[in-house]
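Participant: The structure is given below, and queries will be raised subsequently.
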Amino acid sequence: MNGIPSKINMFNVYKDGNTLAGLSGEVTLPDFEAISETISGPGILGEIDDPTIGHFGSQEIEIPFRNITNDTFTLMNPGDEGNLTLRGSIQVNTNGGGVDYVGMRVIFRGKCKSFTGGTVKQGAAMASAIKLELTYIRIDLNGEAKVELDKLNSVYKLNGVDILEKARSLC
């Protein structure tokens, strides 16, 4: 990315990668907060809160929709993980004073934790939402995977490097 990233220029939400899942609003991506254990003892001055590599606390994402759709109820199915993709463009101010765009994609899967039906008012959006407990998330910039976390398959990759490859090989 050459230049200064400025803002999300536009984005859409897709179900199963390609089917538009409805018009969304502001989406907050989940935090990656490592699960940790405090260690102390001889040879250590005090305590260290030591992160467990690749292990993260609960991650959830809420996807707001202007109105309920058939996909809303598909995502509520407790026996199936919702598979959604946010695809958009990041507007970048180039070093030469122009504007460029960088592709952004966030793929995530999870089970429905809650559904907000929203309100019914003539001439207004409903403001419904689905909240998913994530089991998988991948964030790409310009077609390159930057972070991938698959909690059910013990995969944690940063910039294409499998951080847990050696740990998995020893089990």
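Participant: Are there any pairs, at least 6 apart or on different chains, whose C-beta atoms fall under 7 Å, with the first in the range 152-165 and touching a residue at least 40 places away in the same chain (Cβ under 8 Å) and the second open to solvent by 60 Å² or more (accessible area, probe 1.4 Å) and assigned to a helix (DSSP H, G or I), and if so, which?
Facilitator: Pairs that qualify, where the first residue is touching a residue at least 40 places away in the same chain (Cβ under 8 Å) and the partner is open to solvent by 60 Å² or more (accessible area, probe 1.4 Å) and assigned to a helix (DSSP H, G or I), are Ser154/Arg168.
Participant: If only one of Gly79, Gly88 is small (Gly, Ala, Ser) and open to solvent by 60 Å² or more (accessible area, probe 1.4 Å), which one is it? Don't jump to the end; show me each part of the working.
Facilitator: Working: Gly88 fails: open to solvent by 60 Å² or more (accessible area, probe 1.4 Å).
None of the others qualify; the one that does is Gly79.
Participant: Also, I was wondering about something else. Taking the range 7-30 as the region of interest, how many residues are within 18 Å of Met126 (Cα to Cα) and assigned to a loop (DSSP other than H, G, I, E, B)?
Facilitator: 6
Participant: Being closer than 25 Å to Asp100 by Cβ and outside any strand (DSSP E or B) is the filter here, so list the residues in the range 141-171 that pass it.
Facilitator: Within the range 141-171, Asn142, Gly143, Asn159, Gly160 meet the criteria.
Participant: Related question: Looking at the range 4-43 only, could you name the residues that are more than 20 Å from Tyr101 (Cα to Cα) and of a type in the set (Gly, Ala, Ser)?
Facilitator: Gly17, Ala21, Gly22, Ser24, Gly25, Ala34, Ser36, Ser40, Gly41, Gly43
Participant: Which one is most open to solvent (accessible area, probe 1.4 Å) among residues in the range 100-118 that are over 20 Å from Arg87 (Cα atoms) and of a type in the set (D, E, K, R)?
Facilitator: Taking the range 100-118 as the starting set, the residues that turn out to be over 20 Å from Arg87 (Cα atoms) are 111-118.
Keeping just the survivors that are of a type in the set (D, E, K, R) gives 111, 113.
Details: Lys111: 88, Lys113: 107 Å².
Among them, the one singled out is Lys113.
Participant: Would you mind finding the one in Ile44, Ile4 that is farther than 30 Å from Ala125 by Cβ, in contact (Cβ under 8 Å) with a residue 60 or more places away in the chain and loosely packed, with under 11 Cβ neighbours inside 10 Å? Walk me through it before giving the result.
Facilitator: On the way: Ile44 fails: in contact (Cβ under 8 Å) with a residue 60 or more places away in the chain.
Just a single option satisfies the conditions, and that option is Ile4.
Participant: Which one of Phe56, Phe32, Phe65 is under 30 Å from Thr119 (Cα atoms), in contact with a strand residue (DSSP E or B) (Cβ under 9 Å, 6 or more places away or on another chain), of a type in the set (Phe, Trp, Tyr) and open to solvent by less than 80 Å² (accessible area, probe 1.4 Å)?
Facilitator: Details: Phe56 fails: under 30 Å from Thr119 (Cα atoms); Phe32 fails: under 30 Å from Thr119 (Cα atoms).
Within the list Phe56, Phe32, Phe65, the selection yields Phe65.
Participant: Report whether or not Thr74 is over 18 Å from the mean Cα position of the chain (by Cα) and either surrounded by 12 or more Cβ atoms within 10 Å (Cβ to Cβ) or on the phi < 0 side of the Ramachandran plot (or both). Full working, then the answer.
Facilitator: On the way: over 18 Å from the mean Cα position of the chain (by Cα): yes; either surrounded by 12 or more Cβ atoms within 10 Å (Cβ to Cβ) or on the phi < 0 side of the Ramachandran plot (or both): yes.
So Thr74 passes the test.
Participant: Would you check if Ile139 is open to solvent by 30 Å² or more (accessible area, probe 1.4 Å), out of contact with any Pro (no Cβ under 6 Å at 6 or more places or on another chain) and modelled with pLDDT of 95 or more? Step through it out loud before you land on a result.
Facilitator: Values: open to solvent by 30 Å² or more (accessible area, probe 1.4 Å): yes; out of contact with any Pro (no Cβ under 6 Å at 6 or more places or on another chain): yes; modelled with pLDDT of 95 or more: yes.
It is true that Ile139 is open to solvent by 30 Å² or more (accessible area, probe 1.4 Å), out of contact with any Pro (no Cβ under 6 Å at 6 or more places or on another chain) and modelled with pLDDT of 95 or more.
Participant: Report the residue count in the range 140-151 for those that are touching a residue at least 60 places away in the same chain (Cβ under 8 Å) and closer than 15 Å to Ser58 by Cα.
Facilitator: Residues flagged as touching a residue at least 60 places away in the same chain (Cβ under 8 Å) and closer than 15 Å to Ser58 by Cα within the range 140-151 amount to 2.
Participant: Then there's this: Checking Leu75 against (1) touching a Lys or Arg at 6+ places or on another chain (Cβ under 8 Å); (2) farther than 23 Å from Ile139 by Cα, which test does it fail?
Facilitator: (2)
Participant: For the condition part of a loop (DSSP other than H, G, I, E, B), in contact (Cβ under 8 Å) with a residue 24 or more places away in the chain and closer than 21 Å to Asn18 by Cα, what is the one hit in Ile137, Ile107, Ile68?
Facilitator: On the way: Ile137 fails: part of a loop (DSSP other than H, G, I, E, B); Ile107 fails: part of a loop (DSSP other than H, G, I, E, B).
Step by step, each of Ile137, Ile107, Ile68 is checked, and only Ile68 is part of a loop (DSSP other than H, G, I, E, B), in contact (Cβ under 8 Å) with a residue 24 or more places away in the chain and closer than 21 Å to Asn18 by Cα.
The values are calculated or read from the model by the stated rules, or taken from the named source; none is laboratory data. Keep in mind the model is a prediction, meaning the values are calculated, not measured. Please note: Cβ atoms are built from the backbone with ideal geometry, for glycine as well, and neighbour counts cover all protein chains shown. Just so you know, the surface numbers come from the protein's heavy atoms only, side chains and all, with ligands and any DNA or RNA stripped out. Shrake-Rupley method; radii C 1.70, N 1.55, O 1.52, S 1.80 Å.
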